[in-house]
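The values are calculated or read from the model by the stated rules, or taken from the named source; none is laboratory data. Note that this is a predicted model, so its numbers are computed, not measured. Don't worry about glycine lacking a Cβ; one is built from the backbone with ideal geometry, like all the others, and counts go over all protein chains shown.
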Amino acid sequence: MELNLKGQSVAVLGAAKGIGRAIAEGFLAEGCRVRGFDRDPQPQPLQTAGDMVVGDVTDYAQVQAFAEGMGEVDHLIFSVGASSGKVGLPFWNLEPGDWARVLEINLIGAVNAAHAFAPALIKRGGSMLFLVSVAGQIGSQTDPPYSAAKAGLINFMQCVAKDLAPHGARANALSPGMVQTELNHSVWAATQAQRPESSRQTYQEWADEKIRKVSHLGRWQQPEEYAAMAIFLASEHGRNITGQTLNIDGGQVMHS
């Protein structure tokens, strides 16, 4: 399948590690010009033809400067996620003050990115892709602030898609299930902190048990799978796909 993306410009916010890193490397492999943005103060360099900028998605001025520095942009990828670091089961285990930073990173960070990049993408008839979560579709009790933020991002993506459509530009969301990333590790750490020391599980024990419970296919999802879908959606083969939330989750979320 010819994707014909060579030479196109791609901005990846959250490109230092995990899914965002895999997506950035995937576009580079297709011959795209990729620039990453991440708050990691010592990000590993991308492959040849890609570079990294250190910044914070919650600071609109930094995101705007990053967008302006890129000039022409064909595709924006927002692959940023942060949990509360606590277990909200029930939700009153958390304090209202635990919500603000999670919403600011996961939702307002995406709003900042959309505002900063929309003018360039409209000119190019490009696309936006937001990494969300199955938690945003099922009301996950594990971390209500994160779940609510990702649900809000799915709704915001739909608004963006409607606004971009008259300009020939598109917006979609990609929803991960169980992926072995730093975010997934942070969920494990938070859940174990709530348990008596004698009943705590190793990460592998916890992850294997959760996979059996939530994934119908019973296996992990891999960052490269999201990269493949992101690249497909950015290509001409995805030109009629907009306003959609696509799950790569082993069957965790099924809408009947």
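A quick yes/no check of all residues on (1) of a type outside the set (Val, Ile, Thr); (2) touching a strand residue (DSSP E or B) at 6+ places or on another chain (Cβ under 9 Å); (3) surrounded by fewer than 16 Cβ atoms within 10 Å (Cβ to Cβ); (4) in contact (Cβ under 8 Å) with a residue 24 or more places away in the chain:
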| residue | (1), (2), (3), (4) |
| --- | --- |
| Arg39 | yes, yes, no, no |
| Gly55 | yes, yes, no, no |
| His75 | yes, yes, no, yes |
| Asp98 | yes, no, no, yes |
| Leu129 | yes, yes, no, yes |
| Val132 | no, yes, no, yes |
In the range 115-127, what residues are assigned to a helix (DSSP H, G or I) and either surrounded by 22 or more Cβ atoms within 10 Å (Cβ to Cβ) or of a type in the set (Phe, Trp, Tyr) (or both)?
-> Ala116, Phe117, Leu121
Which one is modelled with the lowest pLDDT, of the residues in the range 170-197 that are of a type in the set (D, E, K, R) and surrounded by fewer than 21 Cβ atoms within 10 Å (Cβ to Cβ)?
-> Glu182
Kindly indicate whether any position in the range 148-165 is at pLDDT 95 or above, of a type in the set (D, E, K, R) and crowded, with 17+ Cβ neighbours inside 10 Å.
-> yes
Looking only at the range 1-8, decide whether some residue is at pLDDT 95 or above and either within 15 Å of the chain's Cα centre (by Cα) or polar (S, T, N, Q) (or both).
-> yes
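Please count how many residues of the range 221-250 are part of a loop (DSSP other than H, G, I, E, B) and either at pLDDT 95 or above or crowded, with 16+ Cβ neighbours inside 10 Å (or both). Even if it seems obvious, please write down each step before you answer.
Residues of the range 221-250 that are part of a loop (DSSP other than H, G, I, E, B), as a first pass: 222, 235, 239-244, 249-250.
From the residues that got through so far, the ones that are either at pLDDT 95 or above or crowded, with 16+ Cβ neighbours inside 10 Å (or both) too are 235, 239-244, 249-250.
Looking only at that region, the number is 9.
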For residues that are surrounded by fewer than 12 Cβ atoms within 10 Å (Cβ to Cβ) and polar (S, T, N, Q), scanning just the range 198-220, find the one that is farthest from Gly125 (Cα to Cα).
-> Ser198
